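Everything below concerns the one structure shown next.
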Amino acid sequence: MTDPADISARREAWRYKGGDRPDFAVEPGPGQESVWDYPRPPAYEPDPRGVSVSLDGHLVARSDHAIRVKETGSPPAFYLPPEAMESRWLRPSSQRTFCEWKGEAEYFDVVTPTAVAEAAVWRYPAPLPGAESIAGWYSLYPEQLTCYVGDEPVKAQSGRYYGGWVTDELVGPWKGEAGTGHW
């Protein structure tokens, strides 16, 4: 999947690239962000808000610094440094995916004494050029885990493939919702 021609074709296939907000996008109000203003390729921005993640009451991760990966049409995914993770709960998964901007992701199951969340955590151990700032950092699916940004509970982005963290400052619509497959 690392064929440069294939990567280039996948990058060019995106209809929206953050240059102009489409007509169907919600206009952001004060203190809000439109996911349609996010760029492609993604932006990697430090976020100082505290982040915590748990599964069935067991702390999986906690950090006071994260990187928000902001991509056109999608809520940001939060990436946490390796030291933020409770590695005792992580079990390597055989699942792999490929992102034309970040490269190959490896996945981890979260296994606590009371619950299992399969392929709920991922990272890019050797990302493509441009995504080096998240090398080895972990992101987590709010669909399977309980995630907080500050005191705000995170809502999961629709669609199993997407790992965006939906917080109150975001307006969409975003990929994964019904009728968005052509984006």
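The values are calculated or read from the model by the stated rules, or taken from the named source; none is laboratory data. Everything quoted here is computed from the prediction, not taken from an experiment. FYI the Cβ positions are ideal-geometry reconstructions off the backbone, even for glycines, and counts take in every protein chain you see. With ligands, DNA and RNA removed, areas are computed over all heavy atoms of the protein, side chains included. Shrake-Rupley method; radii C 1.70, N 1.55, O 1.52, S 1.80 Å.
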_Only Cα pairs within less than 10 Å get springs; with that Gaussian network setup on the chain, which residue of Ala66, Ala13, Ala135 has the largest fluctuation?_
Ala13
*Which of Ala25, Ala156, Thr167 sits farthest toward the positive end of the charge dipole of the chain, with +1 on the Cβ of Lys and Arg and -1 on the Cβ of Asp and Glu?*
Ala156
*On the full set of protein chains, 1.4 Å probe, figure out the accessible area of Arg96 and give it in Å² to the nearest 10.*
110 Å²
_5 Å is the cut-off here: which amide hydrogens, built 1.01 Å from N in the peptide plane, fall below it relative to Gly164, excluding neighbours closer than 5 in sequence?_
Gln157
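Can you tell me the length gained on complete extension of the stretch Asp37 to Ala5, counting 0.36 nm per residue apart and subtracting the Cα distance? Can you show the working numbers first?
Details: separation 32, 0.36 × 32 = 11.52 nm, distance 2.71 nm.
Full extension from Asp37 to Ala5 adds 8.8 nm.
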*Carbon and sulfur atoms: what percent of the 1.4 Å accessible area of region 1-139 do they account for?*
50 percent
*By accessible area of protein heavy atoms, probe 1.4 Å, what ranking do Glu118, Glu143, Glu106 get, highest first?*
Glu118, Glu143, Glu106
*asked:* At 1.4 Å probe radius, can you tell me the per residue accessible area of region 1-154 in Å²?
replied: 48 Å²
*region 126-183: trypsin sites (Lys or Arg not before Pro) in DSSP coil with no more than 14 other Cβ atoms inside 10 Å*: Arg160
*Please give, to one decimal in nm, the separation of the simple spin-label points placed at Arg49 and His65, each 7 Å out from Cα toward the Cβ.*
1.9 nm
_5 Å is the cut-off here: which amide hydrogens, built 1.01 Å from N in the peptide plane, fall below it relative to Gln95, excluding neighbours closer than 5 in sequence?_
Tyr107
*Using a Gaussian network for the chain with springs between C-alpha atoms less than 10 Å apart, which of these wobbles most: Glu12, Glu104, Glu33?*
Glu12
_Positive end of the dipole of region 71-183, charges at C-beta (+1 Lys, Arg; -1 Asp, Glu), about the Cα centre: which of Leu128, Ser93, Ala105 has its Cα farthest in that direction?_
Ser93
*Averaging sequence separations of C-alpha pairs under 8 Å and six or more residues apart, then dividing by the length of the chain, give the relative contact order as a whole percent.*
22 percent
*Take the chain, connect every pair of alpha-carbon atoms lying under 10 Å apart with a spring to form a Gaussian network, then pick out the residue of Tyr38, Tyr16, Tyr79 with the largest mean-square fluctuation.*
Tyr16
*Check: region 100-159 dipole with +1 on Lys, Arg Cβ and -1 on Asp, Glu Cβ, in debye*: 40 debye
*Pop out the ³J(HN,Hα) list for region 24-35 in order, Karplus 6.51 cos²θ - 1.76 cosθ + 1.60 with θ = phi - 60°, rounded to Hz; leave Gly and Pro as x.*
7, 6, 6, 6, x, x, x, x, 10, 10, 8, 5
*Just how much of Lys17 is accessible, in Å², when a 1.4 Å probe is used and the result is rounded to the nearest 10?*
80 Å²
